[in-house]
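Since every read-out is calculated from the coordinates, none of them should be taken as a lab result. Because the structure is predicted, anything quoted here is derived from the model rather than measured. Virtual Cβ from ideal backbone geometry, glycine too; neighbours counted across all protein chains shown.
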Amino acid sequence: MFKFLFRFMGSWVTPPLPIDFGKPQLPSDLPPMTTQPVFSSSSSFSYEVFLSFRGEDTRTNFTDHLYKALCDKGIYTFIDRELVRGEEISPALVKAIEESRISLIVFSENYASSRWCLDELVKILQCKQSNQQIVLPIFYKVDPSDVRHQRSSYGDAFVHHESKFKDDKQKVLKWRRALKEAANLSGWHFKEGHYEATFINNIVDGILSRVPTYWNVAKYPVGIQSHVQDVKKLLDVGGNGHRMVGIWGTSGIGKTTIAKAIRNAIAHEFEGSCFLPNVREGSLVQLQETLLDKILGKNLKIGNVDEGIGVIKERLRHKKILLILDDVDQLEQLENLAGDDWFGDGSRVIITTKNRRLLNNREIELIYEVKKLDCNQALELFSWHAFRRSEPPKDYLKLAQRAIAFADGLPLALKILGSHLRGTDIRLWQDTLNGYEGEPYTHIERILQKSYDALDHRAKEYFLDIACFFKGEYEDYVLRIVPKIFIEEFVDKALITIEGRMILMHDLLANLGKDIVHKESPNDPGQRSRLWFYEDVIQVLMESTGTRNIKGIMVKLPKAAKITLNPECFRNMVNLKIFINHNASLCGDINYLPNVLRWIDWDGYQLQSLPPNFQGNHLVKFKMSRSHIRQLEGFKHLPNLTHMNLSGCQFLEKIPDLSGIPNIKDLNLSGCTSLVEVDDSVGLLDKLVKLDLSECVKLTRFGTRLRLKSLEELDLRNCKRLESFPEIEVEMESLWRLNMQESGIRELPLSISYLTGLQSLNLSGCFNLTGFELRLLYCWSTLQELRLAGINFVTLPECISKFVSLNELDLCDCKYLLEIPQKVLPPSLDTVYLDDCTSLGKIPNLPSEVEDKYLSLINCVGLRGYDITENSILDQVSSHPDSQFQITLPGDEVPKWFSCCKDATLVKDEYSSKVVARCEVSFEIPPNLDWETLRLVLCVVVNKGNAYGVTESPLLKTGPGGAETSVHINRKKVQSTSYEGNMCQIIFEFWKMPTSVKILCGVHLLGHQVADVTVDRGQRQCLLPDAMAVDDDDDDDDDDDYDDDDDVAKMPCGVHLLGHQVADVTVDRGQRQCLLPDAMAVDDDIHDDQHQDNELLSLTLASKTSLGKRLCGSDFMALYDDHRANVGAQEAQWLTLFTEPADHPKRRHIDLNEEPRQ
């Protein structure tokens, strides 16, 4: 039996993203990686992509362009350059196919005429079965149905083959079957007249979404594989139930490295994965938010730990996940992040810790103790770091053996010691190793201390800055204070690592740095060079006991609190370079700030100005967001300043001449609600990259000239009093995003044509804008997003068709817009928002060139009563075998081609004890349907009654009022384990919905019949309304505790199966009708008078391969717009789909927010 669960939780905060069921599921918590581990799951693949193509058709054009595009994106691709072939495909070619992760098959006109191509195809499909290779067809100027059924040129080719191979009919039959199988797979279809460059970009984006990424584990992963195998045995991946495994060992022994390697090896077997590093250093609420974000792909805000526990249990209890909690040191962390049975069946939790007692207290019985490396492994790891080879040169062997004895089998020590000695002569080796003897430290402490001692003075200073202040910060952030040359040195000497653009330092090294600082003055913190421990910071700032020794202070309290400063607290800190305030409210006057300060990060600064003596000549970063500062008269000459953030400074009225800050790159003035004027000099800062003036609601003057060659982003959103836009004096090709949403701009200059690199332009809500012509824009090839909501168009300007890369167009609230001719829409356009276009009388057709389409017509009252027909829906996806389409428009009933309905009833959820509205519909899928072509159609009708607010979900998206119909054709392929007797169960659940809202749900299954079928009434039920009738007894027991009164929403849910008849079907009609036109008749009783005007209809039709995959490229669109929902205090809405045979031992749950595996 196939089971689908749809759950509605309230209101979406961010839009759902599509899932592709045709690819391996990849977790979402992956930062960009540069080094792929030897032992990863990719180790068996020599190539990411194998290209199969007909040389004479596409070698020198399409395939060559595709190959280059793949290589340009770093996708290692095999292409056969041989122009002449033998009788059989070569062993090298067979090997290349077998060692490729993905095969791309370019079906062109003469593909089938080549027996080598057909043999390649057979081999590729064999690898699909045996190696789980991903196979993706490209139909290049051929009809997929011609390939599937061997018609046209493919038919001609087989006439020739059957004549030539009349003695080997099995070979020809094998080729025919291979073509049919491949043509039924999801892929891409290129037609004459399409833009080839856009088409190739779509393919490359699709491939990128399927190529897995891996965490960087170790540069030289010696001994890791055996650990991974041992822990995998404890995890029993693929088994039922829940399992927790602890990885225990001392610092520096490699626990985190092993956990990363395990994640790389097994994450693809789960529906989602999350690696939470350094758990002991993070707040529990932030960790809970990160966990939900990584698994669900949603940035949910959690108020407190208890709320977080409830959300995790509620949202993840049906999901099979892999959770890794790294460096846990408190039982409380485990109890609040991974309780018993919080996650779906088959989930696994891995905990790394130095504290075995913690695991015992949590009653975790499966504990893997990480042992030190043996002598051979230690020598190999050391040699890789010291000599860049697996073993030392002979004349260094004894010294190397002596070195590894000091390291005592600890990987961290071996790595640091080897890196420290690399490139030095034997004498220095001897001196270094002699220095370790007789010192009162453990082996690892000696090695770490020696590595620090070997740094020059400046490097030591920056090392201590990172250890005390910047561990775990983003590299770009740290580079503002630590020169790149020192970052590279620390990486080279294994003192830090960079992962996901973050600076990471091992706890042992960070503790070494902090210990060095503490020893500077154990009893008097004012005499130390750096302060980070909150008690020491409070003492020095309140008692003014700081000295010239202090170079950096970080204020980070256990929880936000108020601290009253001594006015002279900074007076003696003449060498203070770094001041960071994370969460303290620092009150009181300040009479002095040191002029050597390079880094000020002081949110909530309480004074109206900086001390008069402060010059700030050395400042690199100045951040005083949400401060009381009123003027910046002291900012005359700041030659080193690159980042200034004064966002949310409500009392700041004017930005003065900033020509004395020539190197500034980032200027953030957003939310300065009293700001009236920005000096002309800001428009001439030629190194400025980002300028944010959004929400400056009183801003009236923003310069008169723009000469910002380096500017990439300009945000003038909600500057309601800003009426003029500066003249642009030079070409600004770097500017890719310009946002003027709801600004008061009345006119744009002709020089707007200098913005030749724009990718995103937002003019929504610029109601004062007159006379602007889109033809003035010269970003024809680059513009991808255009937002013109609220502009008074009657017809859409034809020049929009020239934006050949445009994929998203927002025309919401264009109340005079009558129609959108299809010729106006560029061929790349896949998403159009037309909400509240009340004069619109005709639904536009989106371009046939794009696969995935979304059309939103919420509250377009001129379309009320528009008849949604099957043909009108299918026309939108007919040109692509793997496509999806979403449309939302006014409506108040389910289309009449749905066959069955059932009211949802209120039940108590067995896990959370919360009341939910639920209905189940079960039916049998006829045995004569082609499983490769089945598509789901989902329908939800919502009667909002008196409820007011915006709701968003994959099936349920509405405006603040009225009645809308949402139709979604998706790519979900219904998988089969048997071609007979498969049952399908549809479950709808509605959580946290207002009780006055009424919802009607429907399901429609579309597929082809593939053979003659005789149905015996005694053996099988076929597809008919009565065949899909639902036994209401399923819910009776659950409803006894709830009153069925007028305040409770009844939510009828419907299911319908539709097949396209391609063969005669013989049916015994004694009791059941089978799948025939008359069998598709609709019971009109389901469309009764209960559906009033104030309803919403959401209808979803799923095509072959996915239902809601993660956005991974331009060919896989997000289904819904990205504005924030607001339905009272309701939580973010979510939707879950899971599918499995009911009796299957490994039930699989799939969340629509995640990318499932193949």
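Sequentially through the stretch 61-77, phi angles give Karplus couplings (6.51, -1.76, 1.60; θ = phi - 60°) of 10, 4, 5, 5, 5, 5, 4, 5, 5, 5, 5, 4, 8, x, 8, 6, 10 Hz, Gly and Pro residues having no value and appearing as x. Using a cut-off of 19 Å between Cα atoms, the listed pairs Lys484/Lys665; Lys294/Lys556; Lys460/Lys514; Lys577/Lys687; Lys319/Lys998; Lys294/Lys319 include Lys294/Lys556; Lys577/Lys687; Lys319/Lys998 as exceeding that distance. Using the Cβ-Cβ distance between Lys141 and Thr795 with R0 set to 35 Å, the FRET efficiency works out to roughly 0.55.
Only sites in a loop by DSSP and with at most 16 other Cβ atoms within 10 Å count here; which trypsin sites (Lys or Arg not before Pro) in the stretch 140-177 make the cut? Numbers along the way, then the final one.
Numbers: sites: Lys141, Arg148, Arg151, Lys164, Lys166, Lys169, Lys171, Lys174, Arg176, Arg177; in loops: Lys141, Arg151, Lys166.
Loop-located and lightly packed - Lys141, Arg151, Lys166.
Annotation note: GluC sites (Glu not before Pro) in the stretch 335-375 located in DSSP loop regions with a Cβ neighbour count of at most 14 within 10 Å are Glu363, Glu365.
Past 22 Å, Cα to Cα: identify those pairs from Lys73/Lys95; Lys471/Lys621; Lys128/Lys260; Lys219/Lys471; Lys219/Lys371; Lys232/Lys371, in the order given. Numbers along the way, then the final one.
On the way: Lys73/Lys95 24 Å; Lys471/Lys621 18 Å; Lys128/Lys260 28 Å; Lys219/Lys471 20 Å; Lys219/Lys371 20 Å; Lys232/Lys371 16 Å.
Over 22 Å apart, Cα to Cα: Lys73/Lys95; Lys128/Lys260.
State the percent of C-alpha pairs, over all pairs in the stretch 224-369, separated by a distance greater than 18 angstrom. Result for the distance tail: 52 percent.
Identify the trypsin sites (Lys or Arg not before Pro) of the stretch 554-612 meeting these criteria: DSSP loop state and at most 11 other C-beta atoms within 10 Å of the C-beta.
Working: sites: Lys556, Lys559, Lys562, Arg571, Lys577, Arg598; in loops: Lys556, Lys559, Arg571, Lys577, Arg598.
Answer in residue order: Lys559.
What is the gain in length, in nm to one decimal, between Glu677 and Arg81 on full extension, counting 0.36 nm per residue of separation less the C-alpha to C-alpha distance? Numbers along the way, then the final one.
Working: separation 596, 0.36 × 596 = 214.56 nm, distance 6.31 nm.
Full extension from Glu677 to Arg81 adds 208.2 nm.
Comparing the stretch 47-210 with the 2.2 N^0.38 Å rule of thumb, its C-alpha radius of gyration ratio is 0.98 (two decimals).
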